[in-house]
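Student: After the structure tokens below, expect a handful of questions from me.
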Amino acid sequence: VEAWQIRDSNGPTLAAWLATLPWVEPMGRARVGDTLAAVRNALAEQLLHSDCVLLTGGVSMGDTDFVPAAIQSLGGEIVFHRLPIRPGKPVLGGVIDGKLILGLPGNPVSVAVTARVFGLPLLRKLSGCPTPAVRPSVELSAGHDKPLDLTWFRLVNMDDQGQLQLTRSQGSGDLVSLSHSCGFVEIPPGQVGQGPFQLTLW
């Protein structure tokens, strides 16, 4: 891999997470070319032997983002797309012949967050788990002071006193900030302060 090329951090991130879920049987992962035919064919192949397909990238509004068109070309339905959240706004949910499709964004922080927010409840439901995962409410050591008109999932880490603090981050592509975090808090639209906010741990 050359210095200017994009590394695949999303595949290993999702594989490591799925390996912690004993009721999920991962069927492998593959890289797919940025063409409608390639995305459509790969999706059709995976649907033959999977109950749910997770994808990363290809769900935004760019010229090579073919996931929505691929789902529709296979006779599927897009249930939701582009939600008022940060990070992960392009996230997409779809269904094809009763099989579920979760299209995650391409940036690593967005993938990690939306996999937990949308992927975990989806997989738990498919596995027959009757109750949602517990998400405790916590307060931050210092207040969140940047209100947005959307739901903001902000990375957090533990400080030297054992209190949760916001992780310094340069945005949804900042893999280093993701590695320094222990999870994220969910900040509702327009809200500021120290919380309480719901916490999701990695």
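Student: Among residues belonging to the stretch 125-143 that are closer than 11 Å to Gln198 by Cα and either without any contact (Cβ under 8 Å) to a residue 24 or more places away in the chain or of a type in the set (Val, Ile, Thr) (or both), point out the one that is least open to solvent (accessible area, probe 1.4 Å).
Tutor: The selected residue is Val138.
Student: Look at Gln46 and say whether it is open to solvent by 40 Å² or more (accessible area, probe 1.4 Å), in contact (Cβ under 8 Å) with a residue 12 or more places away in the chain and out of contact with any Pro (no Cβ under 8 Å at 6 or more places or on another chain). Give the steps one after another, and end with the answer.
Tutor: Values: open to solvent by 40 Å² or more (accessible area, probe 1.4 Å): yes; in contact (Cβ under 8 Å) with a residue 12 or more places away in the chain: yes; out of contact with any Pro (no Cβ under 8 Å at 6 or more places or on another chain): yes.
Yes.
Student: Ok, one more. Across the stretch 173-189, which residue is least open to solvent (accessible area, probe 1.4 Å) among those that are modelled with pLDDT of 95 or more and assigned to a loop (DSSP other than H, G, I, E, B)?
Tutor: That would be Ser181.
Student: Which of (1) open to solvent by 70 Å² or more (accessible area, probe 1.4 Å); (2) more than 25 Å from Val113 (Cα to Cα) does Ser73 not meet, given it meets every other one?
Tutor: Just one mismatch for Ser73, condition (1).
Student: In addition: Quick one: in the stretch 145-159, of everything that is closer than 14 Å to Leu199 by Cα and open to solvent by less than 50 Å² (accessible area, probe 1.4 Å), which residue is nearest to the chain's Cα centre (by Cα)? First the steps, then the outcome.
Tutor: Going residue by residue through the stretch 145-159, those that are closer than 14 Å to Leu199 by Cα are 151-158.
Filter once more, keeping what is open to solvent by less than 50 Å² (accessible area, probe 1.4 Å): 151-157.
Working: Thr151: 14, Trp152: 13, Phe153: 11, Arg154: 13, Leu155: 13, Val156: 16, Asn157: 19 Å.
Across the stretch 145-159, the extreme among qualifying residues is Phe153.
Student: Please state which of the following conditions Gly28 fails to meet, knowing it meets all the rest: (1) modelled with pLDDT of 95 or more; (2) more than 18 Å from Gly106 (Cα to Cα); (3) of a type in the set (Gly, Ala, Ser).
Tutor: Of everything listed in (1) modelled with pLDDT of 95 or more; (2) more than 18 Å from Gly106 (Cα to Cα); (3) of a type in the set (Gly, Ala, Ser), Gly28 misses just condition (1).
Student: Let me ask something else about it. When you scan the stretch 160-172, how many residues do you find that are touching a residue at least 40 places away in the same chain (Cβ under 8 Å) and either of a type in the set (S, T, N, Q) or open to solvent by 50 Å² or more (accessible area, probe 1.4 Å) (or both)? Can you show your working first?
Tutor: Our first condition is that a residue be touching a residue at least 40 places away in the same chain (Cβ under 8 Å); within the stretch 160-172, this holds for 169, 171-172.
So of that shortlist, the ones also either of a type in the set (S, T, N, Q) or open to solvent by 50 Å² or more (accessible area, probe 1.4 Å) (or both) come out as 169, 172.
Matching residues across the stretch 160-172 total 2.
Residues checked against (1) farther than 17 Å from Gln72 by Cα; (2) surrounded by 11 or more Cβ atoms within 10 Å (Cβ to Cβ); (3) of a type in the set (Ser, Thr, Tyr):
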{"residue": "Pro22", "(1), (2), (3)": "yes, no, no"}
{"residue": "Gly28", "(1), (2), (3)": "yes, no, no"}
{"residue": "Gly33", "(1), (2), (3)": "yes, yes, no"}
{"residue": "Leu54", "(1), (2), (3)": "no, yes, no"}
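The values are calculated or read from the model by the stated rules, or taken from the named source; none is laboratory data. Please read all numbers here as calculations on a predicted model, not as lab measurements. Neighbour counts are summed over all protein chains in view; Cβ atoms, including those assigned to glycine, are modelled from backbone coordinates with ideal geometry. Accessible surface is based on the protein model in full, side chains and every heavy atom, while ligands, DNA and RNA are left aside. Shrake-Rupley method; radii C 1.70, N 1.55, O 1.52, S 1.80 Å.
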